[in-house]
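Q: Okay, handing you the structure first.
The values are calculated or read from the model by the stated rules, or taken from the named source; none is laboratory data. As the structure is a prediction and not an experimental result, all values here were calculated from the model. Cβ: placed from backbone, ideal geometry, glycine included. Neighbour counts: every protein chain shown. Only protein heavy atoms, including side chains, enter the accessible area calculation; ligands, DNA and RNA are left aside. Shrake-Rupley method; radii C 1.70, N 1.55, O 1.52, S 1.80 Å.
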Amino acid sequence: MPASDSPALPSRSRAPHAASPRTPEPADAPVRQTVRPAGLERLNAVPAEEAVAALLRCCGSRRWAGLLAGHRPYPDLAALLAASDEASYDLTPEDLTEALAREGTLQAPPAGARGPGTLAAHTALRAAHAAYESRFGHAFVVCTADCPPDEVLDRVLVSLHARLGNPPEEERVVTAEELRRSARARLEELVTRP
């Protein structure tokens, strides 16, 4: 499932706060690069229930969303993504089942999937999704965040066909990893989108 359907956070104006005094770093200290996008500031500032609602659209586990919301504020994007990974690795089987129940299936050809053969490929995609869900009892999840748009359909189809042969226990592990990667990509999009 592509990781491009992440939500926007509501805008909140924040009261200005006094800058904290900083101790100057030595001239030879390495430059620390921190990424703190405006969306991260919004995520840090919104009430917990709004943060949880936005985070649930990144990963459907209430426990995952609650953990991330509860550990705010995040100093930078790297800290948020590390917390996301940690929460993903800590998902119980029940948490994973909950998250997978909230994952949808691909209803339309992915962006960039146009041209000859697209209709046939989309028909094959629907059939493969149905076979996958019948075999494993949950939606198919694959992170396509690093995939060029014109290759998404092929990536999804190849992954679906390859993973249909996995034993259920192995597929559960693969699915959890793909869910972690998808949640991370959706989360990054959530906080970096203007």
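Q: On the first, second and third principal axes, largest extent first, how far apart are the outermost C-alpha atoms of the range 145-193 in Å?
A: 38, 25, 9
Q: Please list 89, 132 in order of solvent-accessible area, largest first, computed with a 1.4 Å probe with all protein chains present. Spell out each step's value before the answer.
A: Values: 89 140, 132 0 Å².
Per-residue accessible area, sorted high to low, gives 89, 132.
Q: Could you work out the equivalent-ellipsoid semi-axes for the range 40-194, taking the square root of 5 times each eigenvalue of the Cα gyration tensor, largest first, in whole Å?
A: So the three semi-axes of the range 40-194 are 29, 19, 12 Å.
Q: Could you report the accessible area of residue 177 in Å², rounded to 10, computed with a 1.4 Å probe on the protein chains as they sit in the structure?
A: 70 Å²
Q: How large is ³J(HN,Hα), in whole Hz, for each residue of the range 39-50 in order, when computed from phi with the Karplus curve 6.51 cos²θ - 1.76 cosθ + 1.60 and θ = phi - 60°, using x for Gly and Pro?
A: For the range 39-50, the Karplus curve yields x, 5, 4, 5, 4, 5, 8, 6, x, 3, 5, 6 Hz.
Q: Under the Karplus relation 6.51 cos²θ - 1.76 cosθ + 1.60, θ = phi - 60°, what is the ordered set of whole-Hz ³J(HN,Hα) values for the range 179-189, x standing for Gly and Pro?
A: Karplus values, whole Hz, x for Gly and Pro: 5, 4, 5, 5, 4, 4, 5, 5, 5, 4, 5.
Q: Using a 1.4 angstrom probe on the protein heavy atoms only, could you order 182, 159 from most to least accessible area?
A: The most accessible residue leads, giving 159, 182.
Q: Sticking with this structure for a sec: Which of 174, 129, 91 sits closest to the plus end of the dipole of the range 64-194, meaning its Cα is farthest towards the positive end, when Lys and Arg get +1 and Asp and Glu get -1 on the C-beta?
A: 129
Q: On to the next question. Along the range 52-68, what does the Karplus equation 6.51 cos²θ - 1.76 cosθ + 1.60 (θ = phi - 60°) give for ³J(HN,Hα), rounded to whole Hz, x for Gly and Pro?
A: 4, 4, 5, 5, 4, 7, 8, 8, x, 8, 4, 5, 4, 5, x, 4, 5
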